[in-house]
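**Student:** A single structure is presented below for examination.
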Amino acid sequence: MQDNTSGMIARLSELKPGQEGIIKEFQNTDIFLKLMEMGCVPGEKILLEQIAPLGDPISVSVSGYHLSLRLNEAEHILVEL
């Protein structure tokens, strides 16, 4: 059975814990600069590790780092599943 999510583009904020994707682009230059400084660049694999009990922030793993991002930041990150 083929995985229907393969190759789809989604916002990082839409992923569920345990899902991973490849960073495709950033829709906000402010978040782009912040994440570039932390090693998050298009083409990197990103894993959504946890979502806080109230839904914000989220914890991700990327480039060997564990980062916490606000949902309003994660909305601007497009990933390929």
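**Student:** Please list log₁₀ I(q)/I(0) at q = 0.22, 0.23, 0.27, 0.28 Å⁻¹ for the stretch 9-80, using the Debye equation with identical point scatterers on the alpha-carbon positions.
**Tutor:** Here the Debye-derived log intensity ratios amount to -0.89, -0.98, -1.43, -1.55.
**Student:** Summing -39500 (n - 2.57) over the DSSP H runs of n ≥ 4 in the chain and dividing by its residue number, what mean residue ellipticity at 222 nm do you reach, to the nearest 500 deg cm²/dmol?
**Tutor:** -4000 deg cm²/dmol
No value in this document is a laboratory result; all are computed from the given coordinates. On a predicted model such as this, the values are computed, not experimentally measured, just so you know.
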